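No lab work stands behind these numbers, since they all come straight from the coordinates. None of these values were measured; they are calculated from a predicted model. Backbone-built Cβ (ideal geometry, glycine too); neighbour counts: all protein chains shown.
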Amino acid sequence: MAENGNPFLTDSFLPPFHRMEADHVAPAVDALLEEGRERIRAVSQDEAPPEWENVMAPLDQAAQRVEEGTGPIRHLVSVAETPELRQAYQEVLPKISAFWAEIPKDQALWSRVRSYAETDEAGGLDPVHRRHLDKTLRSFRRSGADLPSEERDRLKEIELELSDLQRRFAENVLDATAAYELHVPDESRVRGLPPDAARRARAAAEEKEREGFILTLDPPTVDAVLKHVEDRSIRKEIHQAYVGRCREGEFDNRDTIVRILELRREMASLLGYADFSDYQVEEWMAGRGERAEEFVRDMVERTRPYWERDVRILEEKAGEWGLGELRPWDVAFLTERIRSEQYSVDEEELRPYFPLNRVLEGLFELARRLFGLDIRPEEVEEKWHPTVRHYRVLDQEGVWLGSFYTDWFPRKEKRQGAWMNPFRTGGPGDDGSFAPHLGLIAGNFSPPEEGRDALLTHREVQTLFHEFGHLLHHVTGRVPLPARSGLNVAWDWVEVPSQLMENWTWEREALRLVSGHVETGEPLPDSLFERLAATRHFMGGWRQMRQLGFGTLDLALHREYDPSRDGDVLAFVEERLRPLSPDSVFAENHILTSFTHLFSGGYASGYFSYLWSEVLEADIFTRFKEEGILAREPGERLLHTILAQGDAVEPDELFREFMGRDPDPEALVARNLGDPEEPTATTA
């Protein structure tokens, strides 16, 4: 499609983000959807004998064009939202959702795909193309293609309403976060706040011509306050504001949650599933909601002794500090105190050793040594913000595999968290050519002070490595079908490369590459590394039980919750969390009404998958521990047998090809939890 002056309709490799405006959105979406429908009509109405080239290929091309054409709109809403852009997106989102809902409900198209599946050509497809055909057939059936017309119409209504509700949920969280501020005139009340966070809070107050400090709910501020501010009432205020977002008032998400759950349950029932979890998990490694639930229950029991150990430590420390009963707003603070006292390490002490640019240089060198990748910075004008950077990725033969953007710092118009998005999915062509991939890594790290590099905590370094793992999975894809490449894999497999990359942030050889003091350039000293490494098990039981709590409430909501029987959804969640919490106050302080992963982020019934993935990646990393942390041989094997394969093969088979056996969950227990009978801290 020619651009015709609309930057969203460009055919260029780099979307011209610098020229995209809200006024471009509606005409671009209308044009993209019309083009997509024309291509699909051509497939449906073709009377020629069905072949891959007149059925599957044009169908895939139509889907990819619409997905990649609308992707920059979704992207800008997440990183550069304005009222005008939000309104434009709200207006086109129902149209986009309707387009995707129409495809599997197009009976003429479905007949054409089924007819092709019965041909001799389809029976002789190579494994990758056959896998894609089978997945396409299942996708049609899972979307209601075999339902009677009335039920297909109802399913379409459900999907459109869910799309709108999920968008509204996310916007409420964003707006509630942006609307909150706590003005603290008295400096003594923010005693302990790290210098960078204190400067930001003071600058926020000065911007509004107020004395003292303004604390917000952006993640770096919340993290700094809960870990370091000595005034318990300030910690409580920020904690309660953060977990209490969208529980009432203008941005209340409670009714939205209940309606989303009702619609998901109805959708699953229409499609013949017992509950939404069975529907959601069918295409994942877990396969069934019951198996996911069994996995979570098993992990809860494996984790409980380590969690009980950590609860005892926190309660004892709360008593020593005169806090009385342990409360949720004390946990991060006490954890930092224990870490500092018993390991002589805190995140702020580590920051000077992790300037962002040095971390990136070291990470790219790590990618070169392990995978033979050459990552080069590249100046481009197609950016949405001046702080955005762009890089090109080449393999060891000089083939341009892809490019990616980075966007690291928080802004009011940018959503929370860290993420990786694919913009373009390329891959090898029939003529031996290679179409490059394009992606993005985004985060919300503490921004740099004027004239200085941004300084990261070790946790932020882990986050950076995590998102880079997703990026590697995308840009190294060698699958000839984009729909089976990169991140288009089972949901509980998608986190394996990203969580795997985090392991290198705990290894001495890797940290020598990625660390360098902001003033001297010296890497992290061995003495500090040893103290940091000793914290690997620290509060591992607490952290893992927290994840299991999220997985428990997720599955309970999607497998059990019935508002007519169970009543208030907040009370239902509190009841499910109580056995996994020190007391009822902890159970009450959950993030349900701002839990974007479940209600706008694609993790519904799948939050367990983080830990499922951890079991796999912890085991995979044992090969690097055995053969060499920076060894090329296991790195290249990982690249070729897992990263480059995307969804060309079942993930269980990819795991076995790399490891030579089935997964061993004890690798995760050994890495994360230590000994339940021993304290997690010893004097260094």
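Distant-in-sequence amide contacts of Phe434, defined by a placed amide H-H separation under 5 Å and a gap of 5 or more residues or a different chain, comprise Gly429. For the chain, adding -39500 (n - 2.57) for each run of n ≥ 4 DSSP H residues and dividing by the number of residues yields -18000 deg cm²/dmol at 222 nm. In this structure, the pairs whose alpha-carbon distance is over 29 Å, taken from Lys135/Lys156; Lys236/Lys412; Lys95/Lys135; Lys105/Lys414; Lys156/Lys383; Lys95/Lys383, are Lys105/Lys414; Lys156/Lys383. One chain, two ends: Asn357 and Ser564. Fully extended at 0.36 nm per residue, the span grows by 69.1 nm beyond their Cα-Cα distance.
Stretching the chain fully between Ala108 and Glu230 yields a gain of 37.3 nm (0.36 nm per residue, less the alpha carbon separation).
For the stretch 375-437, the Kirkwood radius over C-alpha pairs fed into Stokes-Einstein at 20 °C and 1.002 mPa s yields D = 158 µm² per second. Building the convex hull from the alpha-carbon atoms of the stretch 450-527 and averaging its projection over directions returns 7.3 nm². For the chain, dividing the convex hull volume of the Cα atoms by the residue count gives 162 Å³ per residue. The phi-based Karplus calculation (6.51 cos²θ - 1.76 cosθ + 1.60; θ = phi - 60°) puts the 3J(HN,Hα) values of the stretch 437-449 at 8, 9, x, 9, 10, 10, x, 9, 7, 4, x, x, 6 Hz, whole numbers, x for Gly and Pro. Summary value for the chain: 15 percent relative contact order, contacts being C-alpha pairs under 8 angstrom separated by 6+ residues. Distance from the C-alpha centroid of the stretch 310-328 to that of the stretch 470-507: 40 Å, rounded to the whole angstrom. Counting 0.36 nm for each residue step from Glu450 to Arg210 and taking away their Cα separation leaves a gain of 84.2 nm. How large is log10 of I(q)/I(0) for the stretch 57-213 at q = 0.12 Å⁻¹ when the intensity is taken from the Debye formula with one equal scatterer per alpha-carbon? Taking Cα atoms of the stretch 57-213 as identical point scatterers yields -0.73.
Modelled spin-label separation between His18 and Trp400, with each label point placed 7 Å from Cα along the Cα-to-Cβ direction: 1.8 nm. For the stretch 450-496, the list of GluC sites (Glu not before Pro) that fall in a loop by DSSP and count at most 14 other C-beta atoms within 10 angstrom reads Glu450.
Each Cα pair under 8 Å and six or more residues apart adds its sequence gap; the mean of these over the residue count of the stretch 131-249 is a relative contact order of 24 percent. Taking a sphere under 10 Å around the Cβ of Ala98 and counting the other residues whose Cβ falls inside, with K and R at +1 and D and E at -1, yields a net charge of 0.
Can you tell me the alpha carbon radius of gyration of the stretch 180-244 divided by the globular rule-of-thumb value 2.2 N^0.38 Å?
Rg over 2.2 N^0.38 Å, computed on Cα atoms: 0.97.
Between the Cα long axis of helix 83-102 and the first principal axis of the chain there is an angle of about 50°, rounded to the nearest 10.
Between the Cα long axis of helix 219-228 and the first principal axis of the chain there is an angle of about 20°, rounded to the nearest 10. Relative to the longest principal axis of the Cα atoms of the chain, the long axis of helix 25-45 makes an angle of roughly 40 degrees.
The spacing between the stretch 182-231 and the stretch 13-83, judged by their C-alpha centroids, is 44 Å.
Kirkwood radius for the stretch 1-86, taken over all pairs of different Cα atoms as the inverse mean of 1/r, rounds to 14.1 Å.
Residue-wise HN-Hα couplings along the stretch 195-211, as the Karplus relation 6.51 cos²θ - 1.76 cosθ + 1.60 with θ = phi - 60° gives them from phi, are x, 4, 5, 5, 4, 5, 5, 5, 5, 5, 5, 4, 4, 9, 6, 10, 7 Hz; Gly and Pro carry x. Model label points for Glu283 and Glu38, set 7 angstrom from Cα along the Cα-to-Cβ axis, are 2.8 nm apart. If one computes the Cα centroid of the stretch 339-371 and of the stretch 114-139, what distance in Å separates the two points? Here the two parts' Cα centres lie 47 Å apart.
Calculate, in whole percent, how much of the Cα-Cα pair population of the stretch 7-146 lies beyond 25 Å. That fraction is 36 percent. Sequentially through the stretch 455-469, phi angles give Karplus couplings (6.51, -1.76, 1.60; θ = phi - 60°) of 10, 9, 6, 4, 4, 5, 4, 4, 4, 4, 4, 4, 5, 5, x Hz, Gly and Pro residues having no value and appearing as x. Spacing of the modelled spin labels on Ala533 and Arg74, each 7 Å from Cα toward Cβ, amounts to 4.1 nm. Across the stretch 180-244, Cα pairs under 8 Å and at least six residues apart give a relative contact order of 39 percent. With Cβ to Cβ distances under 10 Å as the rule, what net charge do the other residues near Ala667 carry (K, R +1; D, E -1)? Cβ neighbours under 10 Å give a net charge of -3. Which FRET efficiency value, to the nearest 0.05, is calculated for Asp175 and Asp255 with the Förster distance at 25 angstrom and r the Cβ-Cβ distance? Between Asp175 and Asp255 the formula returns 0.95.
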